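Working notes, beginning with the structure itself.
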Amino acid sequence: MLRRFLQEYFKVARIERWCYVDEEGFVYGYPVVIDVDLVVKDGEHILIEVKSSVDRGDVLELYRIGELYERVTGVVPRLVVVTCFIGDRARRLAEKLGVDVITY
C-alpha cells in the first residue's frame with residue numbers, strides 16, 4: 001500500500017531500494033547495511049523514509065544517509081520523510097536540514 005502511495009505521489013512506475021554496506025560507520029558510528037527507498041525521476045534522486053511516527057533522530061538519520069549517498073554516488077539527493085505524525089521539534093529540524101515532510 002505504501003509503495004502504491006509513493007508511486008502515485010511521485011508519479012513513477014517503480015520505487016527501488018538503495019542498499020549499501022557502510023563499512024566505515026559514517027551513518028551510525030559502526031558498520032551497518034544502509035537500506036532506503038529510492039526514486040529517480042527526471043534525473044532527480046529522491047531518498048524516502050516511510051514511518052508511522054518521526055522524531056528528531058529519524059530526521060537526522062535520513063540526513064546522514066543522504067550525506068552518505070552523496071559521498072558514494074556523487075549525486076545530492078532530495079530527502080523525503082512520509083509519516084502520519086511528526087513532532088514540532090522534528091519538523092523544525094527537518095526544515096533546517098532540508099528534509100521534506102509529507103503527512104496525512
Tell me, please, whether a residue that is in a strand (DSSP E or B) and open to solvent by less than 80 Å² (accessible area, probe 1.4 Å) can be found in the range 56-75. no
Among the residues of the range 24-36, are any touching a residue at least 12 places away in the same chain (Cβ under 8 Å) and at positive phi? no
Counting only residues that are at pLDDT 95 or above and in a loop (DSSP other than H, G, I, E, B), the range 28-51 contains a total of 4
Looking at the range 6-22, which of its residues are outside any strand (DSSP E or B) and open to solvent by 60 Å² or more (accessible area, probe 1.4 Å)? GLU8, TYR9, LYS11, ALA13, ARG14
Condition check: among the small types (Gly, Ala, Ser), modelled with pLDDT of 95 or more and either open to solvent by 20 Å² or more (accessible area, probe 1.4 Å) or closer than 24 Å to THR103 by Cβ (or both). Does GLY25 satisfy that? no
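The values are calculated or read from the model by the stated rules, or taken from the named source; none is laboratory data. Treat the numbers as computed from the prediction; the structure is a model and nothing was measured. Quick reminder, even Gly has a Cβ in these numbers, built from the backbone with ideal geometry, and neighbours come from all protein chains shown. Remember, those area values only see protein heavy atoms, side chains included, never the ligands or the DNA or RNA. Shrake-Rupley method; radii C 1.70, N 1.55, O 1.52, S 1.80 Å.
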